[in-house]
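Right, one structure below, let's go through it.
The values are calculated or read from the model by the stated rules, or taken from the named source; none is laboratory data. Fair warning: this is a prediction, and the values are worked out from it, not measured in the lab. Here the Cβ is made from the backbone with ideal geometry for all residues, glycine too, and neighbour counts use every protein chain on show.
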């Protein structure tokens with residue numbers, strides 16, 4: 001993938017992340033980082049409400065939307081800053 005296509009795909013991902021509605025409408029999730037290498041988009045996210053399962057389950061829907069974007073073949077969302085973050089990360093990324 002060329003650098004131009006990589007940047008375009010990252011811009012699309014950033015647009016989706018910026019406009020993604022938080023399930024409770026109160027706060028935005030914090031995107032800690034994102035990178036795209038060989039079609040694999042890796043995102044580190046800290047949800048606004050770590051105690052709320054629906055906020056974390058909503059990340060699976062976000063993952064599905066991101067996978068439909070041109071230039072993005074796979075998406076891996078790393079959940080951070082919540083209890084049992086590694087379990088949530090495994091559940092979101094089949």
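Things to note:
- Members of segment 47-94 found to be modelled with pLDDT of 90 or more, farther than 15 Å from residue 20 by Cβ, in contact with a helix residue (DSSP H, G or I) (Cβ under 9 Å, 6 or more places away or on another chain) and not in a loop (DSSP other than H, G, I, E, B), listed by number: 74, 76, 78
- Among residues that are assigned to a helix (DSSP H, G or I) and exposed (fewer than 13 other Cβ atoms within 10 Å of the Cβ), residue 9 is not included.
- Unique residue being free of Cβ contacts under 8 Å to residues at least 12 places away in the same chain and buried (at least 16 other Cβ atoms within 10 Å of the Cβ) when the list is 85, 61, 44: 85
- Being surrounded by fewer than 16 Cβ atoms within 10 Å (Cβ to Cβ), touching a residue at least 60 places away in the same chain (Cβ under 8 Å) and either over 23 Å from residue 91 (Cβ atoms) or touching a strand residue (DSSP E or B) at 6+ places or on another chain (Cβ under 7 Å) (or both) is a description that does not apply to residue 67.
- Of all residues making up segment 17-41, the number that are within 12 Å of the chain's Cα centre (by Cα), surrounded by 15 or more Cβ atoms within 10 Å (Cβ to Cβ) and not in a strand (DSSP E or B): 3
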